[in-house]
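K.L.:
One structure, pasted below without further comment.
Just so it is clear, none of the values below were taken in a lab; they were calculated from the coordinates. Remember, it's a predicted structure, so these values are computed and weren't measured experimentally. As a convention, Cβ positions derive from the backbone with ideal geometry for all residues, glycine included, and neighbour counts pool all protein chains shown.
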Amino acid sequence: MSTASKAKQIIKSVVEIPQKLINFTTNGVSRIFSPSDDDYPKSGVQPYEGDTDRNKEH
């Protein structure tokens, strides 16, 4: 590998690394602040109907 091609490769990596870092960060931020993509049913609040200590026989 010649010196010129090594220099081009170094310059290319110096440019690409900040671009990749910015892209990685913006993807994370956009995922955090984007609308939820959960596909849960809209069932509302479900009351707990389990046994409590007062209902148990001792």
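K.L.:
Extending each Cα 7 Å along its Cβ direction at PHE24 and VAL45, get the distance between those two points in nm, one decimal.
P.N.:
Each label point lies 7 Å from its Cα, and together they span 4.3 nm.
K.L.:
Starting from 0.36 nm per residue, how many nanometres of slack lie between SER2 and SER36 once their C-alpha separation is accounted for?
P.N.:
Full extension of this stretch gives 7.1 nm more.
K.L.:
In debye, nearest 20, what is the charge dipole magnitude of the chain about its Cα centre with +1 on Lys and Arg Cβ and -1 on Asp and Glu Cβ, if you could check?
P.N.:
Roughly 840 debye, rounded to the nearest 20.
K.L.:
If packing is taken as the average count of other Cβ atoms within 10 Å, what order do 39-50, 6-17 fall into, highest mean first?
P.N.:
The most tightly packed comes first, giving 6-17, 39-50.
K.L.:
May I pose another question? If you work out Cα extents along the principal axes in Å from the coordinates, which of (i) 85, 29, 14; (ii) 54, 16, 15; (iii) 38, 22, 17 do you get?
P.N.:
Comparing each candidate, only (i) matches the computed number.
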